[in-house]
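Below is one structure; the comments refer to it alone.
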Amino acid sequence: MKLLYKILLCTIIIMAVAFGLSGYLFVNFVFETALEREIGQALDDSDILRFAFETAALNVPTKYNVLQDIAVEQIGSKLESSGASTGRFLRISGEEGKILYVSSGFPENTELLTQLSENVKTWEIISPGERYFIHTGILVNALDRNLYLETLEDITEIFEERTMGFSVYRRVTLAMLLCSSTLMFFICILLTKPIRLLTRATRKMAEGDYSYRAREVSGDELGQLTTDFNSMANVLEATIGELKGEIRAREDFIAAFAHELKTPLTAIIGYADLLRSRKLDEEKHFLSANYIYTEGKRLENMSFRLLDIIVTRRETIDPQPVEADVLFAYLGDMFSGSTRQQIKISYEKGTVYAEVNLLKSVLLNLTDNACKASEEGGVIELTGQNGEDGYAFCVRDYGVGIPEEELKKVTEAFYMVDKSRSRSRNGAGLGLALCVEILRLHNSELQIESKVGEGTCIGFVIPAKGEKSQRLLEKRQEQA
């Protein structure tokens, strides 16, 4: 059952019980008040009748010392006729319970007589048939005789009014329940509207529409719940977008990896088949073997780079202090006489907190990329500078540069701006991806500035021990 109907049903039940109970108490209170009034009136009438009987008995001519039965009957007849308009019935009994006078229709029940005594008035409600009466009894002392005077007054009207009151109140209660239920139905619709909107939003998101948001229609707790739900939906949509991006990146990675494998393997298989199937002269034999060797080294280099990327994504490091001159001396030794470019190194002495071998790999990759992007005889500048936040490295070339639209993609695995140039120099587009992962372990990141035809500047800051700021690198790039 829906929450709306649960609230509505509970409200109807509560109102029905409240109306029913209050109606019963109200009608019953009115009935009891009227009944008490009639009882009091009947007892007062009984006192009046006793006084009238005793007065009439004193006026009877006395031939005897004791009031005669015939006189009692006469007095009773007069008393009955005087109250005929009120619908009153009388019964007068002697000392031994003998009935001396009784009105027509008076019930034969005499149990009340046993409860009578001097100065005691008794009463009861009786219902002979379909009518209701107040039966009263009182002791009368007349001419040395103790008589029992009983009255019977019709109060059927009071009971009928109670029955009619219950009937009217039932109809009123049903009408009130109908009106209040209709009003409560619309109130429930209004109160549960935020829940319905949340349910609709949840269903939409379950169907894959992660951009759908629940509309806020109240400022209460349900409104706050809607706000929290939308915030959660924003985070969920962002997370799903990231997951989709990662899946797309992995698919692109696999496709690029397969493509990169295809080119060298085709060359290796082709030249190997040429060597296997034909007898070549020494020069062609050397060229074929050299192609196989070159492409094999390219595959080896690519596999090592991939392995390094995978390892760095899973590892943590324990940075150790290393002097900057050790790193730049290593770079000088690695590129001295082995490139067609001019390597210029300038740096400040300082201590770098890093994993030495990984940091050397970053610097080697950046320098190697700068060499590949530069023409023969071009200048490659390697610089290092101390700062408040750490030690800043920068590798600058004056080569072909990178188009602005390509800057965000150059750190992706297998991405190459100029594929023909990169492949001709055994490139696979993995160097910068490896650098990004290594710097991530060092709480740092690459900062790339480039203009087509003017060259590229790639820098990063290795934070001082316990630092993560990049302000020094930004300052260094502004100076450059």
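The values are calculated or read from the model by the stated rules, or taken from the named source; none is laboratory data. Please read these numbers as outputs of a predicted model, since none were measured by experiment. A quick note on method: Cβ atoms are made from the backbone with ideal geometry, for glycine too, and the neighbour counts reach across all protein chains shown. Heavy atoms of the whole protein, side chains included, go into the accessibility calculation; ligands, DNA and RNA do not. Shrake-Rupley method; radii C 1.70, N 1.55, O 1.52, S 1.80 Å.
The set of residues from region 290-322 being of a type outside the set (Ser, Thr, Tyr), open to solvent by 40 Å² or more (accessible area, probe 1.4 Å) and at pLDDT 80 or above comprises Asn290, Ile292, Pro319, Gln320, Pro321.
Here region 323-369 is the region considered, the condition is being surrounded by 18 or more Cβ atoms within 10 Å (Cβ to Cβ) and of a type in the set (Val, Ile, Thr), and the residue that is farthest from Gln385 (Cα to Cα) is Thr339.
Filter region 215-244 down to the residues that are at pLDDT 85 or above and of a type in the set (Gly, Ala, Ser) and list them by number. Result: Ser231, Ala233, Ala238, Gly241.
Among the residues of region 158-168, is there at least one that is open to solvent by 60 Å² or more (accessible area, probe 1.4 Å) and at pLDDT below 90? The answer is no; no qualifying residue exists. Taken over region 381-405, the criterion of being acidic (Asp, Glu) and open to solvent by less than 40 Å² (accessible area, probe 1.4 Å) is satisfied by Asp389, Asp397.
Scanning region 376-405 for residues that are charged (D, E, K, R) and at pLDDT below 85 returns Glu376, Glu388, Asp389, Glu404, Glu405. Pick out the one residue from Leu183, Leu147, Leu177, Leu190 that is of a type in the set (A, V, I, L, M), open to solvent by less than 30 Å² (accessible area, probe 1.4 Å) and assigned to a helix (DSSP H, G or I). After ruling out the rest, the residue left standing is Leu177. The single condition among (1) open to solvent by less than 90 Å² (accessible area, probe 1.4 Å); (2) under 47 Å from the mean Cα position of the chain (by Cα); (3) modelled with pLDDT of 80 or more that Ile247 does not satisfy is (1).
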